[in-house]
1. Pull up region 232-244, narrow it to residues that are within 14 Å of Leu168 (Cβ to Cβ) and either among the hydroxyl-bearing types (Ser, Thr, Tyr) or surrounded by fewer than 20 Cβ atoms within 10 Å (Cβ to Cβ) (or both), then point me to the one that is farthest from the chain's Cα centre (by Cα).
2. Counting just the residues of region 76-87 that are surrounded by 21 or more Cβ atoms within 10 Å (Cβ to Cβ) and not β-branched (Val, Ile, Thr), which one comes out nearest to the chain's Cα centre (by Cα)?
3. Could you list, ordered by first residue, the pairs with Cβ atoms under 8 Å in which the first is in region 394-416 and on the phi > 0 side of the Ramachandran plot and of a type in the set (D, E, K, R) and the second is modelled with pLDDT under 95 and surrounded by fewer than 20 Cβ atoms within 10 Å (Cβ to Cβ), at least 6 apart or interchain?
4. Can you find, within region 354-401, the residue that is nearest to the chain's Cα centre (by Cα) among those that are surrounded by fewer than 20 Cβ atoms within 10 Å (Cβ to Cβ), among the small types (Gly, Ala, Ser) and under 30 Å from Ser295 (Cα atoms)?
5. Just a yes or no: is a residue in region 214-226 of a type in the set (Asp, Glu) and either surrounded by fewer than 19 Cβ atoms within 10 Å (Cβ to Cβ) or in a helix (DSSP H, G or I) (or both)?
6. Return the residues of region 306-333 that are within 16 Å of Pro604 (Cα to Cα) and surrounded by fewer than 16 Cβ atoms within 10 Å (Cβ to Cβ); say none if nothing qualifies.
7. Could you run through region 170-215 and say how many residues are of a type in the set (Gly, Ala, Ser) and under 16 Å from Leu81 (Cα atoms)?
8. Tell me which of these Lys429 doesn't satisfy, since it passes every other one: (1) over 24 Å from Ser295 (Cβ atoms); (2) outside any helix (DSSP H, G or I).
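The values are calculated or read from the model by the stated rules, or taken from the named source; none is laboratory data. Note that the structure is a prediction, hence the values are computed from the model and not measured. Note that each Cβ is placed from the backbone with ideal geometry, even for glycine, and that neighbours are counted across all protein chains shown.
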Amino acid sequence: MIKKYTLSLVTTFLLSFIVVAEEGMLIPSVLTAFESNMQAMGMKLSAKDIYDVNHSSLKDAIVHFNGGCTAEIVSDKGLILTNHHCGYSAIQSHSSLEKDYLKNGFWAKTFKDELPNSNLYAARMVRIDDVTKSVLFGINESDDDAKKEATMRRNVEQLIKDATNGTLYEAEIKPFNYGNDFYLIVKEVFEDVRLVGTPPNSIGKFGGDTDNWVWPRHTGDFSVFRIYASTDNKPAKYAAENVPYKPIHFLPISFGDRKIGDFTMVYGFPGSTEQHLVSGQIKYIIEKERPARISMREKSLSVIDAAMRASDEVRIKYSAKQASIANAYKKWIGQIGGLQELDAVKIKQEYEMRYQEMANSKPEWREKYGDVIIMMNQLIDDNAKYDFQYYMGVEYFSVGPEYFKLVKALDVFITNYDKYKAKNEVEAKLKELVGNAQGFFKNYDVNVDKRIFELLTDEYYRQTISKEEYATKNVLVMSKLIYSKSIFTSPKRFEEFLNTFGSKSLKKLNKDLGYSFWKEEMTKYTENVLPKMRSFMPKMNSLLKTYVEGKLVMFPNDKHWPDANSTLRVTYGKIEGSAPVDGMQYLEHTTTDGILQKHASGNPDFDLLPGMVDLYHAKDFGPYAQNGELWVCFTGSNHTTGGNSGSPVIDGNGNLMGLNFDRTWESTMSDYMFDPNRCRNVVVDIRYVLWVMDKFAGAKHLVDEMVLVKH
């Protein structure tokens, strides 16, 4: 009896320490509050080891890669790793039929072989300060909105000036929690970032669209760059005399074995989450907005995919564009499925009832928070039409027919012509337009764009105008005229127009069907849709500010974290699989055996270059193996989103385990709602990355730059 009682106590004790996946993307400067919980999960570091302003810390090895991804410094010579898909545009820009780096890969043997990239940067965060009180200093509740905004603007300008004066640093102040808090972000921006190496698509994109957002994965999603600096180790624009950057800190490589339950920390720049949306908005997204945007992208992809399969030239031109369009397209499909499976609308409604009950429990809470949920849901009902038209415009004007980009650039020139003329800048601006157009047409196929125009224009009309007006449209006739005659669909016609620009050019431009079509549709959009959104969004954000404040005030013991906004964040969890649906169990890692199994299916997304099958069969894994097999990818229970691509996944000792590059399909709804039982991030194991460099690419000199740690 005593033994049975003791066992029960032990079981209860152990169960109380079972660790579950942790929701939240934490600001590194406040990690002290979470330090004990992270250490209970297996972390051996302190909060100061992760983030410290006065001493070297992990934060100094994490960089924002070109504003949309994350990268990590892994050597004392400024070597950085990020995802293959994050470096894809740079890789594509260096590729041609003669030098097909997309298909065959690229590896620089010396510093001199490393390839410079225009408009590519890496930013290190110097510090993150809570400046809420300073931003709001001097504001009175009785002030009108214009006066409050003017006061805040002056405060922000002064804070940024104080933070950057006498330095090469840049700074910005970002709102958190919809303006309940403000943080100053000071950063060091390096503009000379060179391509060092990339695996071929058959490794870096292995699985293609078939496997995107799906587990199990076998994708070597990595690329290698290097930060260069001036001879005094300061940020500098590209120059031949620049030298490899000497970092304050770089990440050693975790070379030991892994197991289920190992601590994992993702340190990076998550882009955007929207955890506070109310039930009505989630319902609208699931039923209306996302399906329509998916349909738009599906039509574009049907054209691009077919053209890429038919032509290597088109494949090179459209690889990066296809990947960008397809990524969100498939993510949104999974997002809808996950939210429906979780019954997210019902969960939101239940929380809203709890919030309402709490607000009604005190007169001061009822006055401030009692009506906010009703008002938010009503605002969605009243403005869903305009929100829908807005996002249809985003898909059409920004992601649809490509010639629109050229029109927009020229329209900006025309709009500002008098100003340029007064400053004698017309010739320089025309030269800039010519240069940009050459880059545009390098990656443009008129037949692809024509078909996209036809499909998306028809869909855009069908979704946004009345049936009567839709019946009057003849998209095919308009398409034929634009793509056969417009200056914007031919490099020769466009360059001739710019080179002969003069007094009659504006008249000629207004007669151009490509320009007049865009101008007419864009004018309707800017006059009829954008004003409604400019009215709707501030109202919603104001209500969200109050709603979030209510959460912080009324539920102080709940775990609160600010939505992702492309600022540096930490999320922690562990290596683990999941059981996303009934009868299915996902293991926590994959191996090279799965590469061969998928290749054998004959699906072109699983093609391998000649010789690669033999290489995988040989199983020459060397020191990169674990129990005779080579891990390719693994999953963790870290809360991630877009922008976390390329983020380091760090072990309990501060060493690099792998590169975050995806989520499972069932996890994509975590931008709105995190489910600890199913949400998993997908990581390429650093040991597979190094094996590819060493055994496949013959680039062991890069491996030798790194510090390998085996615990």
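1. From region 232-244, those within 14 Å of Leu168 (Cβ to Cβ) are 232-237; that's our starting set.
If we keep only those that are either among the hydroxyl-bearing types (Ser, Thr, Tyr) or surrounded by fewer than 20 Cβ atoms within 10 Å (Cβ to Cβ) (or both) as well, we get 232-234, 236-237.
Details: Asp232: 32, Asn233: 29, Lys234: 27, Ala236: 26, Lys237: 25 Å.
Once the filter is applied, the top-ranked residue is Asp232.
2. Of all residues in region 76-87, those surrounded by 21 or more Cβ atoms within 10 Å (Cβ to Cβ) come to 78-87.
Still in the list and also not β-branched (Val, Ile, Thr): 78-79, 81, 83-87.
Details: Gly78: 23, Leu79: 22, Leu81: 16, Asn83: 11, His84: 13, His85: 10, Cys86: 9, Gly87: 12 Å.
In this case the residue turns out to be Cys86.
3. Final answer for the pair search is none.
4. Looking at residues that are surrounded by fewer than 20 Cβ atoms within 10 Å (Cβ to Cβ), among the small types (Gly, Ala, Ser) and under 30 Å from Ser295 (Cα atoms), I get Ser398.
5. Pass one, region 214-226, residues of a type in the set (Asp, Glu): 221.
Next, only the ones that are either surrounded by fewer than 19 Cβ atoms within 10 Å (Cβ to Cβ) or in a helix (DSSP H, G or I) (or both) stay: none.
No; the residues of region 214-226 include none that is of a type in the set (Asp, Glu) and either surrounded by fewer than 19 Cβ atoms within 10 Å (Cβ to Cβ) or in a helix (DSSP H, G or I) (or both).
6. Listed by number, the residues that qualify are Ala306, Arg309, Ala310, Ser311, Asp312.
7. Keep residues of region 170-215 that are of a type in the set (Gly, Ala, Ser), which gives 171, 179, 197, 202, 204, 207-208.
When the remaining residues are screened for being under 16 Å from Leu81 (Cα atoms), the result is 197, 204.
Total satisfying the criteria: 2.
8. (2)
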